[in-house]
Amino acid sequence: MTLKLHIIICSTRPGRVGPPVAKWFHELAVQHEKFDAVLVDLADFHLPVYDEPEHPIRQNYQHAHTKKWAASVNAADAYVFVTPEYNFGPPPSLLNALNYVYKEWNYKPAGIVSYGGVSGGMRSAFVQKLTLTTLKMMPMMEAVSVQNVSGLFDDSQNFMPDDHHENSGISLLNELYKWAEALKTMRQ
């Protein structure tokens with residue numbers, strides 16, 4: 001059975017550049033052929049600021065949006081978060097989505113494709129890894145960091161990666177696959 005990889009677009013704001021970056025990474029993952037790669041957009045879930053009355057560890061979800069999100073998270077064996085940097089950290093939409101569920105994240109590997117200005121979203125990725133480990137995920141050391149992302153689009157707003165983005169992406173996918181294979185035994 002092929003492992004399922006969810007590539008999650010983490011920004012939900014109007015005018016975001018995450019979708020074309022995520023589309024590029026999704027295509028790279030499909031060409032990699034080790035995962036059933038699925039593109040997931042947080043904006044499609046319309047998650048309000050966390051509004052469940054019970055702690056997520058109980059999995060007693062009351063709202064349809066939470067149940068839909070929990071099912072999506074649970075369906076994956078691994079994740080890649082395509083995330084910008086907001087004020088040196090992850091976007092609030094991502095932190096909110098991470099907090100909505102708990103057990104659904106446990107014992108799964110996670111990679112990060114970060115983007116931004118000069119830092120390429122590295123500060124956001126660093127902060128995000130702290131949250132991932134609290135959710136019992138295994139963040140990968142390998143990552144893709146896209147510096148000065150606004151200068152890497154063609155006239156049709158397609159992301160135009162450099163060779164180092166491609167190479168970093170392949171390294172990330174290879175490592176994610178190893179960890180996803182190993183960690184699936186912990187979830188059985």
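Just for the stretch 18-36: of the residues that are over 17 Å from the mean Cα position of the chain (by Cα) and buried (at least 16 other Cβ atoms within 10 Å of the Cβ), which one is farthest from MET1 (Cα to Cα)? Within the stretch 18-36, the match that is farthest from MET1 (Cα to Cα) is HIS32. Set side by side, the residues GLU142, GLU166 differ, and just one is closer than 17 Å to PHE25 by Cβ and either touching a Phe, Trp or Tyr at 6+ places or on another chain (Cβ under 6 Å) or assigned to a loop (DSSP other than H, G, I, E, B) (or both), which is GLU142. Filtering GLU181, GLU104 for residues that are among the charged types (D, E, K, R) and part of a loop (DSSP other than H, G, I, E, B) leaves a single hit, GLU104. Scanning the stretch 1-17 for residues that are under 14 Å from VAL149 (Cα atoms) and buried (at least 16 other Cβ atoms within 10 Å of the Cβ) gives ARG16, VAL17. Taken over the stretch 37-55, the residue count meeting the criterion of being out of contact with any strand residue (DSSP E or B) (no Cβ under 9 Å at 6 or more places or on another chain), open to solvent by less than 70 Å² (accessible area, probe 1.4 Å) and of a type outside the set (Asp, Glu) is 3.
The residues of the stretch 158-188 that are closer than 16 Å to MET137 by Cβ, out of contact with any His (no Cβ under 9 Å at 6 or more places or on another chain) and surrounded by 14 or more Cβ atoms within 10 Å (Cβ to Cβ), listed by number, are LEU172, GLU175, LEU176, TRP179, ALA180, GLU181, LEU183, LYS184. Looking only at the stretch 56-96, which residues are open to solvent by less than 60 Å² (accessible area, probe 1.4 Å), within 13 Å of THR12 (Cα to Cα) and either in a helix (DSSP H, G or I) or free of Cβ contacts under 8 Å to residues at least 12 places away in the same chain (or both)? Correct list: SER93, LEU94, LEU95, ASN96. If you check LYS129, LYS136 for being assigned to a helix (DSSP H, G or I), surrounded by fewer than 22 Cβ atoms within 10 Å (Cβ to Cβ) and of a type in the set (Lys, Arg), only one passes: LYS129.
The values are calculated or read from the model by the stated rules, or taken from the named source; none is laboratory data. Just so it is clear, the structure is predicted and the values come from calculations on it, not from any experiment. Every residue, glycine as well, gets a Cβ built from its backbone with ideal geometry; the counts of neighbours run over all protein chains shown. Please note that ligands, DNA and RNA were not included when accessible areas were found on the heavy atoms of the full protein model with its side chains. Shrake-Rupley method; radii C 1.70, N 1.55, O 1.52, S 1.80 Å.
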